[in-house]
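Quick notes on the structure that follows.
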Amino acid sequence: MKRFVTFCTCSYLIIAVFWGSLAFATTDMVAEASKRSTNTQQVELGAYLARIGNCMGCHTAKGGQPFAGGRRLATSFGVFVTSNITPDKNTGIGLWSEEDFWQTLHHGKSRDGRLLYPVFPYTEYTKVTRQDANAIFAYLQSLPPISQSNPASDIAFPYNSQILLALWRTLFFKEGVYEPDFSKSETWNRGAYLAQGLGHCNACHTTRNVLGASQDDTLTGGEIGGMNWYAPSLSSRLEAGLSDWPIDEIVALLKTGVTERSMTLGPMGAVVRQSLQYLSEKDAHAMAIYLKSLSDNDSKISSGVNFSVMTGSLRRYLDFGGQLYEKHCQTCHGTDGKGAPGIYPALAGNRSVTMKSPLNTIRTVLHGGYPPTTQGNPKPYGMPPFQQILRNEEVALIVSYIRNTWGNRASLVTAVDVERSQGGTH
């Protein structure tokens, strides 16, 4: 009997130890599974945020490996070459930590403390939260490492001085995470956070001084350096202000690049294709709310251009343009300039045609107009280029005509304007 009791006691001990070990193992497994799930969620969030920040758009050379850098960005200060941000340990960011990445995004400093040039838009990315920055870093670290050494940037003297760059930062760079405006809704603040931070709208839609610094952060429009396109004001109804647009139409433009009365072309078309089309419906709605709020709803605003008397010479000038329009443009855009909604954009009442800068209209005539291919618009209609068909003088005549017909009123365009527009990329 004593042996039996001893045997039973040992058996109970063994069972207890077994179940205890199993419990500990189960707890560890649950913790590990939870950790993997959290990491997966962080990587998925980072992938989404990297899309919104259009990281791949800049850090991928034409025809090159995604995120491996090598894209050349021409500016008036020199040619900047984007870096490899794959997790390769020798040529990428494989040895970086979360802190290193935060230092770059928030403070505009590389891992080694070197000051970065604002061609990398840390002036906007500084508004990104640490949580979102960590998620983007987790996603980048999950990518396949690509060994690719890129050439150094070719920065013109004296702008290649770190001392001068430090002075520039003192004058024009203010770091800090986005601070909510509690007088606005949560949705508005989400839209502002995306547009001001990861979306870095102000990197293009702003006027810059001679040192390349943004004059303000109200998206008042400006020429995009090195591209020779004009990013219109988002706060003026004379250009791209959206105060009179329904929210659903703004969302459609952000996600598809096309609405019945408008379409995105050039650099903005690329942003929609590479980035904005991937916005969630909730975030697209939030960004639309914010963008709509930037401009007033004053219906009395006028362009300030008014030919009270159409002189004979002016009429003849526009008539020449009308003849060229009839030959090359009328089939698609119509005699009334109304085009075909969602296919060929209307020119009558089109603010991109009548805004102060004729640059985008000139470049569209020269190089063609191609809306982005998006999930919501997989087979967009395009406009062929006419630079091989029309002389500069003829382009000027056509653009002047469409800027001053069907009730449009805007300044005339000259052959010199057309010639100046042909620098940069398209």
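The values are calculated or read from the model by the stated rules, or taken from the named source; none is laboratory data. This structure is a prediction, so every number in the text was calculated from the model and none was measured. So basically every Cβ, Gly included, is an ideal-geometry build from the backbone, and we count neighbours across all protein chains shown.
Key figures
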{"read-out": "Matching residues, the stretch 155-188, being touching a residue at least 60 places away in the same chain (Cβ under 8 Å), more than 17 Å from Ala213 (Cβ to Cβ) and aromatic (Phe, Trp, Tyr)", "value": "Trp188"}
{"read-out": "Those residues of the stretch 159-172 which are closer than 12 Å to Leu115 by Cα and assigned to a loop (DSSP other than H, G, I, E, B), in sequence order", "value": "Asn160, Ser161"}
{"read-out": "Counted residues, the stretch 104-124 - those being free of Cβ contacts under 8 Å to residues at least 24 places away in the same chain and either farther than 21 Å from Ala213 by Cα or in contact with a His (Cβ under 6 Å, 6 or more places away or on another chain) (or both)", "value": "3"}
{"read-out": "Asn189, sole failed condition from (1) assigned to a helix (DSSP H, G or I); (2) farther than 29 Å from Val119 by Cβ", "value": "(2)"}
{"read-out": "Helices (runs of 4 or more DSSP H) within the stretch 354-426 that include 3 or more residues surrounded by 19 or more Cβ atoms within 10 Å (Cβ to Cβ)", "value": "359-367, 392-402"}
{"read-out": "Residue list for the stretch 54-88, restricted to those being within 16 Å of Ala203 (Cα to Cα), in contact with a strand residue (DSSP E or B) (Cβ under 9 Å, 6 or more places away or on another chain) and of a type in the set (Gly, Ala, Ser)", "value": "Ala74"}
{"read-out": "Sole residue being closer than 22 Å to Leu254 by Cβ and within 27 Å of the chain's Cα centre (by Cα), chosen from Pro380, Pro358, Pro385", "value": "Pro380"}
{"read-out": "Subset of the stretch 190-212 [free of Cβ contacts under 8 Å to residues at least 60 places away in the same chain and out of contact with any strand residue (DSSP E or B) (no Cβ under 9 Å at 6 or more places or on another chain)]", "value": "Asn209, Val210, Leu211"}
{"read-out": "Identity of the residue in the stretch 203-253, part of a loop (DSSP other than H, G, I, E, B) and among the hydroxyl-bearing types (Ser, Thr, Tyr), that ends up surrounded by the most Cβ atoms within 10 Å (Cβ to Cβ)", "value": "Ser233"}
{"read-out": "Residue count, the stretch 47-87 (criterion: in contact (Cβ under 8 Å) with a residue 60 or more places away in the chain, of a type in the set (Val, Ile, Thr) and within 20 Å of Asp154 (Cα to Cα))", "value": "4"}
{"read-out": "In the stretch 107-125, the residues that are aromatic (Phe, Trp, Tyr) and closer than 18 Å to Met227 by Cβ", "value": "Tyr117, Phe120"}
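Quick grid of which residues meet (1) in contact with a helix residue (DSSP H, G or I) (Cβ under 7 Å, 6 or more places away or on another chain); (2) at pLDDT below 90:
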residue	(1), (2)
Met1	no, yes
Thr9	no, yes
Asp28	no, yes
Asn54	yes, no
Ala68	no, no
Ser76	no, yes
